[in-house]
Amino acid sequence: MQIPIHKLKEIVVGENFISEADFDALTEEAARLGQNVADVLISKNIVSHDYLADLLSSYFGVEKANLASRQIDKNILQLLPEEMARQKKVIVFAKEDSGIFDVAMEDPSDLLTIEFLEQNLGGKVKPFLALEGDLNKGFALYGQELSQDFKQIIESNIKESLRMGKKGDEAATEVPIVAIVDNLVSYALASRASDIHFEIFQDGILVRYRIDGVLHEIMKIPKEVHSAIVARVKLLGGLKIDEHYKPQDGRFRYRISGGKDVLDVRVSILPTYYGEKIEMRLLAAAQRPLSLKEVGLLEDHAEIVMENIKKSYGMILVCGPTGSGKTTTLYSILGLLNKTEVNIVTIEDPIEYDIKFINQTQINPQAGVTFASGLRSILRQDPNIIMVGEIRDPETADISVQAALTGHLVLSSLHTNDAPTAVPRLIDMNIVPFLVAAVVNMVLAQRLVRSICLECIYSMEPDKETIDVITRQLKELGVENFKIPKLIYAGKGCQACGGTGYRGRTGIFEILNVTEDIRKAIISPDFSLDTLRNSARAHGMVSMFEDGLRKVERGMTTVEEILRVIRE
């Protein structure tokens, strides 16, 4: 965000969002972390992203572009090549009757860029403010426009590769195979995909993208180029090209137009019946930790989290299945705890994001570095806060509990379906109940649901079937005196969301806040999971379904999405 720090301070302090002393402290913290002050204000939930956009719009004296809500003329968009648009951080989105070009810019005061655009476009430019997220929506339009081109380019390179007749590592560095892999990654990026799957079957290769948590079939590729594509991906990921019978994991950095690092690509190769399957996870190369609000925690849940991360020792557990956003939530908490006066050390598998001034360790079983052995070494590093990527076995659980008992704040994840189940899960890993009660401060369980596209959202009254489903689910949870929402929301489907009605994801949560009464329930001779759940509900625990229902009422997601992820 291109606004002088003194001006940002004047506005934010003047609006009583933060004291002058706290703003100065945040400025020092931002400099230490190498982050923008405005980003730190957002991540700590001091001001919202939208409010800062309004501040900047007022400061520069220009309108906000709001690209997602505009119908952009693709012919006008293409007047500026994508590489140039990304390099200058601009989107040409309209041409007025007077011949003036409307341009969305991250810095509307950049006169050199405006002059450059006027020369290239052959006309006057009217600048509009667009922050990074808004610009990305504009850049995505290039990808939508080029989606058919991507497929044509990939198909032509497949034909060329088949004509050349080279296989495996011979073809891994040939132009056609390089172009196939590069274009599939570029196409995934333009489609907002988080994962790419290359699945080999008897009749060919199926390419699928995971977009907003749901897999979509993209194309089929002839089986003849499979060995060359696998070799190319292995070469990029630093893997053994001649190893075909063992799983392998690697990663590489992917660059898009303009040479800017945007992705770390995590690669997994798995031998299957017809050959090796490839899974590529696309991760932002540089990303600030999200705020609790951006993760999806509502005010009451965020307050519980903030209370517990202020404690100097004990355990905070985040639960859910694979792909439910546990790591993102843990990184958000680490972002809040990342201060000069504490030493934070992590042991992860894998390290997903590099966080400045946090000591992150990757497990490496071949070198003898497991969660348990790594955790023992971490305890000799004088840590204040420890993050264990996952508690998988009794040994890791025991060391984590001992660390939490001896003055360390331990963050970790568990694979359980809900928050209360974390307690018997620890007991199953040979942690005695009184120790579980003594060390666990909070258990947060979560799922990810697709967010309704705000460009095509509409409201409606729930039909009888929806009311019956909500009623039945709440009764199963033992919720009494509940109110059915008078209005629910959905997305019609539009260009911005690719016709799905959804764009992006958010979390739904339940939090077991371990109070004295909950501790008594855990160590009770009559302990059972049902009694723990009942006690937690009696002390105000909101279930994931109820939290999801609150977000349905706020127009954040749909009833169908809540039921989909809970039933999974």
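Quick notes
- Cβ pairs under 8 Å, 6+ apart, first in the stretch 224-236 and in contact (Cβ under 8 Å) with a residue 24 or more places away in the chain, second polar (S, T, N, Q): Val225/Ser161; Ala228/Ser161; Arg232/Thr173; Lys234/Gln248; Leu235/Thr173
- Phe93 closer than 29 Å to Leu117 by Cβ, in contact with a Gly (Cβ under 8 Å, 6 or more places away or on another chain), crowded, with 18+ Cβ neighbours inside 10 Å and without any contact (Cβ under 8 Å) to a residue 40 or more places away in the chain: no
- Within the stretch 237-255, the set of residues being within 28 Å of the chain's Cα centre (by Cα) and in contact (Cβ under 8 Å) with a residue 24 or more places away in the chain comprises Gly237, Leu239, Pro247, Asp249, Arg251, Arg253, Tyr254.
- Residue in the stretch 50-67 that is open to solvent by less than 40 Å² (accessible area, probe 1.4 Å), of a type in the set (Gly, Ala, Ser), within 24 Å of the chain's Cα centre (by Cα) and under 17 Å from Ser291 (Cβ atoms) present: yes
- Residue count for the stretch 399-415 satisfying the condition of being in contact (Cβ under 8 Å) with a residue 12 or more places away in the chain and open to solvent by 10 Å² or more (accessible area, probe 1.4 Å): 6.
- Filter pass, Val178 being assigned to a helix (DSSP H, G or I), open to solvent by 20 Å² or more (accessible area, probe 1.4 Å), out of contact with any His (no Cβ under 6 Å at 6 or more places or on another chain) and at pLDDT 75 or above: yes
- Flag if Cys497 is touching a Ser or Thr at 6+ places or on another chain (Cβ under 8 Å) and either among the aromatic types (Phe, Trp, Tyr) or free of Cβ contacts under 8 Å to residues at least 60 places away in the same chain (or both): no
- Index of the failed condition, Leu112 passing every other in (1) buried (at least 18 other Cβ atoms within 10 Å of the Cβ); (2) out of contact with any Ser or Thr (no Cβ under 9 Å at 6 or more places or on another chain): (1)
- Filter pass, Ile518 being β-branched (Val, Ile, Thr) and open to solvent by less than 20 Å² (accessible area, probe 1.4 Å): yes
- Filter result (in contact (Cβ under 8 Å) with a residue 12 or more places away in the chain and on the phi > 0 side of the Ramachandran plot) within the stretch 349-370: Phe357
- Close Cβ contacts (under 7 Å, 6 or more residues apart or on different chains) running from residues in the stretch 262-278 that are closer than 14 Å to Ile241 by Cα to residues that are part of a strand (DSSP E or B) and among the small types (Gly, Ala, Ser) comprise Val267/Gly250.
- Evaluating Leu454 against the criteria (1) touching a Lys or Arg at 6+ places or on another chain (Cβ under 9 Å); (2) at pLDDT 95 or above leaves one unmet condition, (2).
- Of all residues in the stretch 453-464, none satisfies being among the β-branched types (Val, Ile, Thr), open to solvent by less than 20 Å² (accessible area, probe 1.4 Å) and either closer than 24 Å to Ser332 by Cα or out of contact with any Ser or Thr (no Cβ under 9 Å at 6 or more places or on another chain) (or both).
- Identification of strands (runs of 3 or more DSSP E) wholly contained in the stretch 186-234 with 3 or more residues that are out of contact with any Cys (no Cβ under 6 Å at 6 or more places or on another chain) and of a type in the set (Val, Ile, Thr) yields 204-211, 214-221.
- Identity of the residue in the stretch 479-498, open to solvent by 50 Å² or more (accessible area, probe 1.4 Å) and either among the small types (Gly, Ala, Ser) or under 23 Å from the mean Cα position of the chain (by Cα) (or both), that ends up modelled with the highest pLDDT: Gly498
- Test: residue in the stretch 527-535 that is closer than 20 Å to Asp300 by Cα, touching a helix residue (DSSP H, G or I) at 6+ places or on another chain (Cβ under 7 Å) and either open to solvent by less than 20 Å² (accessible area, probe 1.4 Å) or free of Cβ contacts under 8 Å to residues at least 12 places away in the same chain (or both): no
- Qualifying residue in the stretch 25-45 (condition: at pLDDT 80 or above, over 26 Å from Val295 (Cα atoms), out of contact with any Cys (no Cβ under 7 Å at 6 or more places or on another chain) and open to solvent by 30 Å² or more (accessible area, probe 1.4 Å)): no
The values are calculated or read from the model by the stated rules, or taken from the named source; none is laboratory data. Bear in mind the structure is a predicted one, so any value in this text is a computation, not a measurement. All Cβ positions, even for glycine, are placed from backbone atoms using ideal geometry, and neighbour counts span all protein chains on display. Areas reflect the complete protein model, heavy atoms only, side chains present, ligands, DNA and RNA absent. Shrake-Rupley method; radii C 1.70, N 1.55, O 1.52, S 1.80 Å.
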